[in-house]
Each structure stands twice: as C-alpha cells, then as structure tokens.
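The values are calculated or read from the model by the stated rules, or taken from the named source; none is laboratory data. The model shown is predicted, which means the values in this text are computed figures rather than measured ones. Counting neighbours? That spans all protein chains shown, and the Cβs are built from the backbone with ideal geometry, glycine included. In case anyone asks, the SASA skips ligands and DNA or RNA and just uses the protein heavy atoms, side chains included. Shrake-Rupley method; radii C 1.70, N 1.55, O 1.52, S 1.80 Å.
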Amino acid sequence: MDMNFSKEHLMARQLFHDFAVNEVEPWAEQTDEGHRFPKEIVGKMQELGFMGVPFPKEIGGQGCDTLAYVLLVEELAKVCATTAVIVSAHTSLAADAIAQFGNETQKEQFLRPLAEGKKLGSFALTEAEAGTDASGLNTKAIRDGDSWVINGTKVFITNAGQADIYVIFAMTDKTAGTRGISAFIIEKGTPGFSFGLPEKKMGIRGSSTCELIFEDCRIPLENLLGREGKGFGIAMATLDGGRIGIAAQALGIAEGAFEKTITYVKERKQFKTPIAKFQNTQFVLAQMKTEIEAARFLVYDAALKKDSGKPYSVEAAMAKLKCSQVASDVTRECVQLHGGYGYIQAFQVERMMRDAKITEIYEGTSEVMKMVISGSLLR
Amino acid sequence: MNIIVCIKQVPDTKEVRIDPVKGTLIRQGVPSIMNPDDKAALEAALRIKDGMGAKVIALSMGPLQADAVLREAMAMGADEGILVSDPQFGGADTWATSATLAAAITKLEYDLVLAGRQAIDGDTAQVGPEIAEHLGIPHISYAKELRIEGDEVIVKRQFEDRYQLLSAKMPVLVTALSELNQPRYMTPRGIFEAYREKQVTHWQRNDIPVESENIGLKGSPTRVIETNPKVMKAPGTKIEEDVEKSVQYLIEKLKEKYIL
C-alpha cells in the first residue's frame, strides 16, 4: 500500500529500509540482550541526517517532512524497536518541542545541533507521582537572580544519560496546578544535574531509561522554553507529535514480526506439511495483515495532517491507540504461530512481543488516547 | 575537475527468477537498482569530489524510468544527472550503447570518465572500454584502487591473482570493481533535493551527435541466438582416504592444474 506516495518518499523509504537491514538488524539481538545503547548505530544515523528528518534545512535539518520521519521510524522498528524509539524521542519530543516553542536564539543554540545530528535530545515530563496526571509534578523551578534553580527527580526518561540536550518540565507555581508548569532546556553537564541507575525493562532494553536528578541545578533565565506557566500546553502539543512517532514504531514492530512469521510458516512443517497450508494459520495471517494495514492508514493520515498544518491531535491519538494495540496483538499471535520457537530468542518474535507492550504505555497510555479521542467527541 | 560517471539501471538480479521454459529472465515485478559496479564508480567520483573538489555528472542511457538511478546518484552527491533516452536508442547492444554514450560525452567537458566494470544483467564488461575507444582516450579497466596525482590517475588494476599498478594522463576512462569501495548511503535531504530542487537533463535522439547506423537495434551488430540458464557442473570427486592421503591427493591435483 503506497498511499500515492511521492517518488521522494518511496526512495527515502528504500534508504531507511536498506539502512535498517544492513546496519541495525545485525545488532538488534545484542542491543536487547546486553541492554546496550546502540551508540555506533546512532552515530551513523547522525552522520546520515536521520536525526533531523522533518526539520527545515535552514536550521540544520533535512528539509523533509513528518511522513518521511514516520517511514524512518517504521523501517527501524521493523528490525529494532530500541533504535526506533531513540530516534523518536530525540526527534518528535525533544527537537520538535524546541522547533515549535523555542525562540530564534534557542533554535540556533539547541535545535540546530539536534537537527544536524551533533547532539542527542531527550524529553522529561514524567515523575514518580505524575504520570498521566501532569498536575502532580513535584520538580520545582525557582527564579533566583539571573538563573532558574531546579530541584526534583524525573523518572522513566528515554535517552537519559545518552542525550546532551533535555527539555524538562517543572512547577514554577505549585498552587496553580497545570497552569503552574513551565518548560526548560537543560544541557548535560550542568552542575546539579545527574542521572539515576538505568531501569531494567521488559522490552526496548537497549534504550537508555533512567532518572534525571536535579539538585539546586542552576540554568540561565533564557533557558525557559515558551512562556512561564505555559509548560503544560507545550508538553501536550509536543506529545501529540510524539504519538505519531510511537504509532510508527508500533506499526513497524507489528510489521517486523509479521514478516518473520510469514517466512516461518512457509518453512515450518507439521504433519508433513508447511503450517502455512493450515486454515488456522491462513486466517490468523489474514486478520493480522488487515489490522496492520488499518493501523498504517491511521498513522500516515496523522502524519499527512501534521504536514499540511491541519489539527492532528485526535488523529495522532487514534493512530497510537490502534498501532500499539495491533503491535501487541500481532506480536503475540506471531509468537503463537512460532510455537515453542517463538518463546525462545532465536526467531526474534520473542523480543518483538516484549518490545510491543511499551507502545501501549509511553507517551500517553492507551487509556489517555481514549480520553483525548472521546474528549473531542463530547465537547 | 569534471568527472562523468556512467550508470545503468538494472533489475535486481538477487530478486530475478528464470523462466524455466523459455530460459529468460522474468523481469516483471522485479525492483530496479543502480548497477553495483557503477555505484562503486560513483562513490569513487564522490570521494575525489570530497577530497579535492570536482563536479560529478551522472550519465545514463535507458528508458525514462532510469530517471530514478540518476536521482539516486544526485541524492548520494552527484551534481548533475543526464538521461539519454529515446525509443530510437532501444535494443542497443554494447557497440550501439557505447557509441551513443560516447557521443553524449563529447558534448560535455570532462577530465575523467568512470564506469562500472560490468552490469549484472548483461555481464559483458564491454561498454566502458568501448566508450573510451569511441572517444579516443586511454582506459584502465578493473580498478580496485584509484587516486588522482596531478594530471594523472593511478589505478590498481585487478587480475585473478595479482594486480597492475598503472597510471594514465587525463582525460582517461576507468572501470570500477565493486571491491573499489563501500558506496555511501543517500541522505534524506539529498533525496528530497534530487526530486524537488534538481532536474535530470533529458537528451533525445536529436541531442546526440551520433550516426544513425550506430544506434539502437539496427545499429547493433550483436545478435542473441539463444539464452540458457546456467548448466550444472559435473559432480565433484569424493575422496575417502585418511587425512594424509587426502591432502597428498589434493596437492597433486592442484599441481596438475598449475594452481600450486
């Protein structure tokens, strides 16, 4: 299904596919097994411009669009969900927050190195007591002379430790609820800014996930992103775009597992016949393929809406809801069709099933997606 | 300096199946790719460009869809793409192809012409050297290493078991082996610029100063009489002796064939 893609999108997809197969897939198992951040792969992607796909050339990006970016994340996720989320958190959360809400100086100072691939980005909203409920943030930012002083701890932060530039959210007025949240840009190496131990995760194990710890961390006043008290809106708007990235990741995971399974059922014989000849196998495959294609339409549609400047918040939520459900369902069915071989590591679908689950949780759980979608219906 | 790289769009032979009855390639539904040796030639040109500055022009003869390999070349870093395409050029063998490409090249300024050793769909390895003959310039084939020194190219020319180190004054044509280098990836920006900001120049019959008797099927002296799929080789010999005797036997055989 090509959705009448332009020739440049088709060629970009071919490029991303070739890169994923040649450079990423051979390392996917080690990345997972060793809980190892794939630094070399990220380095190659930075050189090739993969970390700045949707941003304008004037600011160091590739001058492509959200659709091309979606194709990148999708192709990477087909072979390695870890590599895909590194790109996604960097691009559509950290860099895009600055692209959307940064002033010209901030764009030059922070977005340019992110888009050029010279630095890696990260986005930190979640805290121990503030997941879906952002008003529960306890991290505080207090203005003191010519700086903001930040105190608090962020949890479950993707690219933490590996990233150079962090977009973080803190309370500048705890009494004001979500209207007291502000956004800041903080660089690694700033005194008072450190990292917790890496989390041990079910899936996307090579992705670096840990706490950000701020202890009297001083940053210049000009590192406030957007206006004071507008952080919640910035977080929500950025997450709308991030969800397109995660939807693309989920879609890619489903497709990757599906492709492996097609190969497997043609080869695996039981009762002297390939299991692909059994109607159960055929029906399961047919259902999975249909679900994958439906999910694909939603994510491409959300990307196209974003590119054409139309509202895409609901579309992004529907894309993420559907793609992440499909990723979990399809990978589980793929393991089932592999039988015992699906439960061991050799056939990759085991890893993909573990990787799929997070897409129903991060950047807004499936329940949050339903809140966003139903909220638009019952206004 | 100006470098012209000759590029052919070919079916991806990894994906090609043979029609068991006709013995011909089934091309339908097979993706088209840039010929691998040509890609190495392009990479060599781009490395010269990176190192000392050069204008790299990708040149292809083929049907209109060969536009894609020229866009790909530009997305890798070529400055221009020229497509020589006209129904009158169709059905050309190596003679007619090289005559047409050489005539196209005479319209351009060049110091170095690079081509792949051979195309994976034809495997003749003739077009590169023939272009040089038509142009009246020297050529060096089978390059596994290539560098520029002053007004000369220095090339390691590969043989089965040795290489020649050759130099030639430019202008010269060199044909590249895939082993010459590892071609770079395109960049997303390169792809979007190739399609949205750049043009492939299209040259038709009347743009090319070549005699009509040398173009297309009519200008092609080669006639394909029959195409056959690869024939199975005779079964090998199985040696069932102890290690020492087996090794002795192998050594004798290798000496017999002048390999040792």
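Numbers below:
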| item | result |
| --- | --- |
| Hits in region A:337-379 - residues which are part of a helix (DSSP H, G or I) and without any contact (Cβ under 8 Å) to a residue 24 or more places away in the chain | A:Gly340, A:Gly342, A:Tyr343, A:Ala346, A:Glu350, A:Met371, A:Ser374, A:Gly375, A:Leu377 |
| Residue that is among the hydrophobic types (A, V, I, L, M, F, W, C), buried (at least 17 other Cβ atoms within 10 Å of the Cβ) and farther than 17 Å from A:Leu71 by Cβ, where the choices are A:Ala20, A:Ala12, A:Ala28 | A:Ala28 |
| Residues satisfying the stated conditions in region B:37-77, i.e. in contact with a helix residue (DSSP H, G or I) (Cβ under 7 Å, 6 or more places away or on another chain) and not in a helix (DSSP H, G or I) | B:Ala54, B:Val56, B:Ala58, B:Leu59, B:Ser60, B:Met61, B:Gly77 |
| Residue that is nearest to the other protein chains (Cβ to nearest Cβ) [pool: residues in region B:75-96 that are crowded, with 19+ Cβ neighbours inside 10 Å and at pLDDT below 95] | B:Phe89 |
| Criterion (of a type outside the set (Ser, Thr, Tyr), open to solvent by 30 Å² or more (accessible area, probe 1.4 Å) and facing chain A (nearest Cβ under 10 Å)) met by exactly one of B:Arg162, B:Arg189 | B:Arg189 |
| Failed item in (1) open to solvent by 20 Å² or more (accessible area, probe 1.4 Å); (2) more than 17 Å from the chain's Cα centre (by Cα), with A:Ile361 passing the rest | (2) |
| Helices (runs of 4 or more DSSP H) contained in region A:36-155 and holding at least 1 residues among the hydroxyl-bearing types (Ser, Thr, Tyr), touching a residue at least 24 places away in the same chain (Cβ under 8 Å) and within 13 Å of another protein chain (Cβ to nearest Cβ) | A:66-79 |
| Matching option when the condition is open to solvent by 70 Å² or more (accessible area, probe 1.4 Å), in contact with a Ser or Thr (Cβ under 9 Å, 6 or more places away or on another chain) and more than 14 Å from chain A (Cβ to nearest Cβ), among B:Glu152, B:Glu133, B:Glu179 | B:Glu133 |
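For (1) farther than 19 Å from A:Phe297 by Cα; (2) surrounded by fewer than 24 Cβ atoms within 10 Å (Cβ to Cβ); (3) free of Cβ contacts under 8 Å to residues at least 40 places away in the same chain; (4) in contact with a Gly (Cβ under 9 Å, 6 or more places away or on another chain), each residue gets a yes or a no:
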residue: A:Leu212; (1), (2), (3), (4): yes, no, no, yes
residue: A:Gly233; (1), (2), (3), (4): yes, yes, yes, yes
residue: A:Thr238; (1), (2), (3), (4): yes, no, no, no
residue: A:Ala248; (1), (2), (3), (4): no, no, no, no
residue: A:Val265; (1), (2), (3), (4): yes, yes, no, no
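Here's the yes/no breakdown for (1) of a type in the set (Asp, Glu); (2) over 27 Å from B:Ile225 (Cβ atoms); (3) within 16 Å of the chain's Cα centre (by Cα):
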residue	(1), (2), (3)
B:Ile3	no, yes, yes
B:Lys8	no, no, yes
B:Arg17	no, no, no
B:Ile26	no, no, no
B:Ile33	no, yes, yes
B:Lys39	no, yes, yes
B:Met61	no, no, yes
B:Leu70	no, yes, yes
B:Gly77	no, yes, no
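Matching residues to (1) aromatic (Phe, Trp, Tyr); (2) within 18 Å of A:Ile86 (Cα to Cα); (3) surrounded by fewer than 22 Cβ atoms within 10 Å (Cβ to Cβ):
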| position | (1), (2), (3) |
| --- | --- |
| A:Ser122 | no, yes, no |
| A:Leu137 | no, no, no |
| A:Ala141 | no, no, no |
| A:Met171 | no, no, no |
| A:Ala183 | no, no, no |
| A:Lys200 | no, yes, yes |
| A:Gly203 | no, yes, yes |
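This table checks each residue for (1) within 20 Å of A:Gln162 (Cβ to Cβ); (2) open to solvent by less than 10 Å² (accessible area, probe 1.4 Å); (3) of a type in the set (Ser, Thr, Tyr).
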| residue | (1), (2), (3) |
| --- | --- |
| A:Ser6 | no, no, yes |
| A:Pro38 | yes, yes, no |
| A:Pro56 | no, no, no |
| A:Ile59 | no, no, no |
| A:Leu76 | yes, yes, no |
| A:Cys80 | yes, yes, no |
| A:Ala89 | yes, yes, no |
| A:Asp96 | yes, no, no |
